[in-house]
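The values are calculated or read from the model by the stated rules, or taken from the named source; none is laboratory data. Being a predicted model, the structure only gives us computed values, none of them experimental. Glycine also receives a Cβ, built like all others from the backbone with ideal geometry; neighbour counts cover every protein chain displayed.
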């Protein structure tokens, strides 16, 4: 998949971009969490089986990172991306489990030109991660800064 | 460092817990971002040097994950932690650069007992990551669910 957007002006307010799918193996989940979030329900299959989750679930930071990868691969234009100041309302409403294929969707909430820097602007977007039954497992709303199309 | 809290009741509203420090090497930053956030200013030293950042900076998800590791190692009580429903107001006000030592601090905003489940409750907290000059480089406010101390 190549990105459908190159510059700020190409983000279409109200449009939802389908960014493809990801799946995390139990080994990947345990490896990530051993490094960054070593809680028993992320790294210890026996403890996870006894927990409220009934088995290994991914660290929420792993899920966010996996969704980010699809945003970079399939949407964020590398030539014009200027980074992100932050995220609002990151939610993990349901666990992410091994070997399940999740869909990632990106919706443009608004596109705003910078008042102080005429060559750039901000995109406010919501990234949703959805399981095969259509249940939302992660959602976050954030801002990205992008250059405008060069003039002339 | 061992955790100063075991159960919900041990989180002290208004208290700031010092969770220690982390530092990310350029190799670690590039490795994480190659997997999850392969934008040029995270993975390509030459492109990063030409960017507004003047050099490689960490993916914001890497910074969040590094802070999470200190939260798990030095604060979150593994026996009583029940996971997190989400994060509000995640901010990356300044870049995180290789081989800089960052302090991580965790402040308890509120502790709320569950109305529906008498054995547990929620902690609302803010995690701040600060550079050696005292500048904030990341902050997020989130919720964690914890069991209450068993009765009897």
Checklist entry - If you check residue B:132 against the conditions, is it surrounded by fewer than 16 Cβ atoms within 10 Å (Cβ to Cβ) and either at pLDDT below 95 or touching a helix residue (DSSP H, G or I) at 6+ places or on another chain (Cβ under 6 Å) (or both)? => result no
Item to check | Looking only at the stretch B:29-60, and only at residues there that are within 10 Å of chain A (Cβ to nearest Cβ) and touching a residue at least 24 places away in the same chain (Cβ under 8 Å), the one that is nearest to residue A:146 (Cα to Cα) | outcome: B:53
Next on the checklist: Which condition from (1) over 28 Å from residue A:85 (Cα atoms); (2) assigned to a helix (DSSP H, G or I) is the one that residue B:118 breaks?
Outcome noted: (2)
Checklist entry - Does the stretch B:85-107 contain any residue that is part of a loop (DSSP other than H, G, I, E, B), more than 27 Å from residue B:56 (Cβ to Cβ) and at the interface with chain A (Cβ under 10 Å from one of its Cβ atoms)? => result yes
Item to check | Meets criteria (at pLDDT below 95 and away from every other protein chain (no Cβ under 13 Å)) for residue B:4 | outcome: yes
Checklist entry - Is it the case that some residue within the stretch A:11-27 is surrounded by fewer than 20 Cβ atoms within 10 Å (Cβ to Cβ), at the interface with another protein chain (Cβ under 10 Å from one of its Cβ atoms) and in a loop (DSSP other than H, G, I, E, B)? => result no
Checklist entry - Among the residues of the stretch B:84-97 satisfying the criterion of being touching a strand residue (DSSP E or B) at 6+ places or on another chain (Cβ under 6 Å) and farther than 9 Å from residue A:89 by Cβ, which is surrounded by the fewest Cβ atoms within 10 Å (Cβ to Cβ)? => result B:93
Checklist entry - Among the residues of the stretch B:110-126, is there at least one that is within 11 Å of the chain's Cα centre (by Cα) and crowded, with 16+ Cβ neighbours inside 10 Å? => result yes
